[in-house]
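Engineer: Okay, here's the structure, questions in a sec.
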Amino acid sequence: MINTTISLNRGTYKQPNIFGYYGNYGGAYIPEMLHRNVEELKERYLEIMYEPAFQKEFRDLLRDYVGRPTPLFYAKRLSEKHNTNIYLKREDLNHTGAHKINNAIGQVLLAQRLGKKRIIAETGAGQHGVATATVCALMGLECIVYMGVKDIERQAPNVARMKMLGATVRPAASGSQTLKDATNEAIRDWINNPNDTHYVIGSVVGPHPYPDMVARFQSIISEETRKQLLEHTGSELPTHVIACVGGGSNAAGAFYHFLDELTVKLIAVEAAGHGVHSGMSAATTQLGRPGVLHGSKSLVMQTEDGQVVEPHSISAGLDYPGIGPMHAHLFETGRGTFLSATDDEALQAAFELCRLEGIIPALESAHALAALNQLRFKRTDTLVVCLSGRGDKDLATYMKNIEAPNP
Amino acid sequence: MGRISELFKQRQNNILNVYCTAGFPHLESTLTVMKALQDNGADIIELGMPYSDPLADGPVIQESGTVALHNGMTIAKLFEQLKALRNSSITLPVILMGYMNPVLQYGFEKFCADAAAVGIDGLILPDLPQYEFETEYGAVIKKYGLDFVFLVTPETSDERVKQLDALSSGFLYAVSSSSTTGKDKDFNAVEKYLQKLQSLQLKNPVLVGFGIKDKQTFEAACKYADGAIIGTAYIKALEHAEDINEATKKFLEGIKSHPLKGG
Ligand SMILES: Cc1ncc(COP(=O)(O)O)c(C=O)c1O
């Protein structure tokens, strides 16, 4: 039985309280212009999501359209290198190439039940934009995707995909011209189109109930992992789960069903860019302070004066100055361990995975792999690394760096 | 009694609230702009504190904020400038408008204390939610004697309008359509909405914001409300102004037909 009761307390690791707080973080810091839409979502998301007919449609699409369950693959050569047991949760094998589609399907089905005809989304790497455009094509809905001008340049293949799928890609030219600004533009669009539009947020960020809703849709990742681990190892529980964190949706999904299993170490890996203290980084928990961004209270990279700063990461999907409130809470309570990997470390880890396992990972996912080099494992440990996406979209960046030192 | 209530006690119609961005067009032009607004017939000044991610504002106001930030405007710098506010001849009510994040960084209570100390009358923080206002921040705002103005939209239910009216003081800010600032509006729909607000017997005066840009839209708004708020159109007028006072005079003459009251 799925627990849909949310209490007045401070929330749990898994669930926020009724005001959307995980401990000190979350809430819905939105202007009144968004109130009715966000309130409607808050009132109805759980009821709709757990309707049997909704669950059937969602699960059927995940199986028949997305290709779930995604494999849990024992990476033998990588395991040998680290003298431990490493399993890769192959979200890269999803239709459209990343975990983002789990959430896009869920939210678009929900939007249909709310009677919405027009779908908007923001995107960084383009994976969430492609996933949303794909689902909208499948359902025959209008789709508009906001994307930073800088990201449009560095993720050209995904821009082409979105266009082929019939979506309109609108460049966000303000501010740092990346994910944060695309999110601002999407929120503005929603303010200006309050009646017919649903905003499909691509990560566990935004005002309550988005973080919880997106985490629930992505929780399919850890739901499958538990069953698959049991088959592989005889135990549902790994010793470590490792995932990269931009806003934190693949990590939230990979952690979800282990959050209350306190023996399982949860390791979140942020993008350190040129180095955490280089001034060119996106390591939010290391550099951020509590603040409000995009409708929730969380950790935010900002100046002393409270202006949100422009982050840097080689990976567009991690190039975000905030982090979902669930993760801010995991960080603050120590339930999660937060590491970071630099651009170079991520590139190296990506080339290493190619050569050891024949898998080209997304640059985002390569950050999770890079963390393997920063930790010591026992021979008997069981690690699950969430391979959140595949690297096709990053080939241009990889080619530029093909001379990167051999692992 | 605060300057805002005092104003509405004297007059309940055609109240003109004009928005300007602190540190725009120049870092040191904040008080010059405010003085020009007072001298040329504004009744309330809404002083915007620039922010990198102003969700409830349109591109023109965001751009003015970007310029102001580039000029070096910060909250600390602004309070520095505003120390002279009530020593200069500015007597109009002044409301600070901004977003939660910079205010939280400054320290919410310190912000209210410093605002009150320099003679600010009220606050508009569009992303401060009702729940957090009621449980945490409202009491701090009251402690320093500041008014707090909530926004309502055509999508806000009657019941919620009443709640937000009860929590507000000074006035209630009726957004003329669910939109970010600077969008053109169909005024028929706006009139219906304002008539509805009138029928709710609210405790606060109602000022209409968003989309007011000339005499016609100002007068239409004033027919069913106590006054209106102009932002984007004035920022546009300031953008290329050589002489701030001249530009402000010309702009406000285009809005208000009745004789100027002066300060
Ligand atoms: C493959 C991949 N992994 C990870 C991310 C980061 O997002 P999140 O932290 O929400 O999983 C992205 C975002 O675009 C992505 O495309």
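Engineer: Out of region A:136-149, which residues are free of Cβ contacts under 8 Å to residues at least 60 places away in the same chain, open to solvent by 30 Å² or more (accessible area, probe 1.4 Å) and part of a helix (DSSP H, G or I)?
Structural biologist: A:Ala137, A:Met139, A:Val149
Engineer: Under the condition of being assigned to a strand (DSSP E or B) and of a type in the set (A, V, I, L, M, F, W, C), which residue from region A:310-342 is surrounded by the most Cβ atoms within 10 Å (Cβ to Cβ)?
Structural biologist: Taking the candidates together, the pick is A:Ala341.
Engineer: I'd like the full set of residues that are β-branched (Val, Ile, Thr) and either within 14 Å of chain B (Cβ to nearest Cβ) or within 16 Å of the ligand (Cβ to nearest atom) (or both), limited to region A:80-119.
Structural biologist: Scanning region A:80-119 gives A:Thr96, A:Ile101, A:Ile105.
Engineer: Out of all the residues in region A:248-279, which are small (Gly, Ala, Ser) and either more than 16 Å from the ligand (Cβ to nearest atom) or open to solvent by 10 Å² or more (accessible area, probe 1.4 Å) (or both)?
Structural biologist: First pass over region A:248-279, keeping only residues small (Gly, Ala, Ser): A:248-249, A:251-254, A:268, A:271-273, A:275, A:278-279.
A:Gly275, A:Ser278, A:Gly279 - these are the residues of region A:248-279 that are small (Gly, Ala, Ser) and either more than 16 Å from the ligand (Cβ to nearest atom) or open to solvent by 10 Å² or more (accessible area, probe 1.4 Å) (or both).
Engineer: Okay, next question. Report yes if some residue within region A:53-75 is at negative phi, in contact with a strand residue (DSSP E or B) (Cβ under 9 Å, 6 or more places away or on another chain) and of a type in the set (D, E, K, R); otherwise report no. Talk me through it step by step, then tell me what you get.
Structural biologist: We begin by selecting, within region A:53-75, every residue at negative phi; these are A:53-66, A:68-75.
Adding the requirement that they be in contact with a strand residue (DSSP E or B) (Cβ under 9 Å, 6 or more places away or on another chain) leaves A:70-75.
Still in the list and also of a type in the set (D, E, K, R): none.
Checking region A:53-75: not a single residue is at negative phi, in contact with a strand residue (DSSP E or B) (Cβ under 9 Å, 6 or more places away or on another chain) and of a type in the set (D, E, K, R).
Engineer: Determine which single condition A:Lys297 fails, assuming it passes every other condition in (1) under 20 Å from A:Pro209 (Cα atoms); (2) open to solvent by 30 Å² or more (accessible area, probe 1.4 Å); (3) within 14 Å of the ligand (Cβ to nearest atom).
Structural biologist: Result: A:Lys297 fails condition (3) only.
Engineer: Still on this structure, I have one more. Counting only residues that are more than 8 Å from chain A (Cβ to nearest Cβ) and surrounded by fewer than 22 Cβ atoms within 10 Å (Cβ to Cβ), give me the helices (runs of 4 or more DSSP H) lying completely in region B:62-167 with at least 3 of them.
Structural biologist: B:75-82, B:108-118, B:138-143, B:158-167
Engineer: Still on this model: Answer yes or no: is there a residue in region A:270-282 that is away from chain B (no Cβ under 14 Å), free of Cβ contacts under 8 Å to residues at least 60 places away in the same chain and touching a Lys or Arg at 6+ places or on another chain (Cβ under 7 Å).
Structural biologist: no
Engineer: Are any residues in region A:184-221 within 13 Å of the ligand (Cβ to nearest atom) and over 14 Å from the mean Cα position of the chain (by Cα), and if so, which ones?
Structural biologist: none
Engineer: Could you check how many residues of region A:358-395 are of a type in the set (A, V, I, L, M, F, W, C) and open to solvent by 70 Å² or more (accessible area, probe 1.4 Å)? Working first, answer last.
Structural biologist: Residues of region A:358-395 that are of a type in the set (A, V, I, L, M, F, W, C), as a first pass: A:359-360, A:362-363, A:366, A:368-372, A:375, A:377, A:383-387, A:395.
Applying the additional criterion that residues be open to solvent by 70 Å² or more (accessible area, probe 1.4 Å) yields A:360, A:395.
Number of matching residues: 2.
Engineer: Please pick out the residue among A:Leu62, A:Leu78, A:Leu41 that is open to solvent by less than 10 Å² (accessible area, probe 1.4 Å) and in contact with a His (Cβ under 9 Å, 6 or more places away or on another chain).
Structural biologist: Exactly one of A:Leu62, A:Leu78, A:Leu41 is open to solvent by less than 10 Å² (accessible area, probe 1.4 Å) and in contact with a His (Cβ under 9 Å, 6 or more places away or on another chain), namely A:Leu41.
Engineer: While we're here: Could you give every pair whose Cβ atoms fall below 8 Å, whose first residue belongs to region A:110-124 and is touching a residue at least 12 places away in the same chain (Cβ under 8 Å), and whose second residue is crowded, with 17+ Cβ neighbours inside 10 Å and basic (Lys, Arg), counting only separations of at least 6 or pairs across chains?
Structural biologist: Nothing qualifies.
The values are calculated or read from the model by the stated rules, or taken from the named source; none is laboratory data. The structure displayed is predicted, hence computed values, not measured ones. Methodologically, a virtual Cβ is constructed for each residue, glycine included, from the backbone with ideal geometry; neighbour enumeration extends over all protein chains shown. Quick note on the areas: whole protein, heavy atoms, side chains included, nothing else; ligands and nucleic acids left out. Shrake-Rupley method; radii C 1.70, N 1.55, O 1.52, S 1.80 Å.
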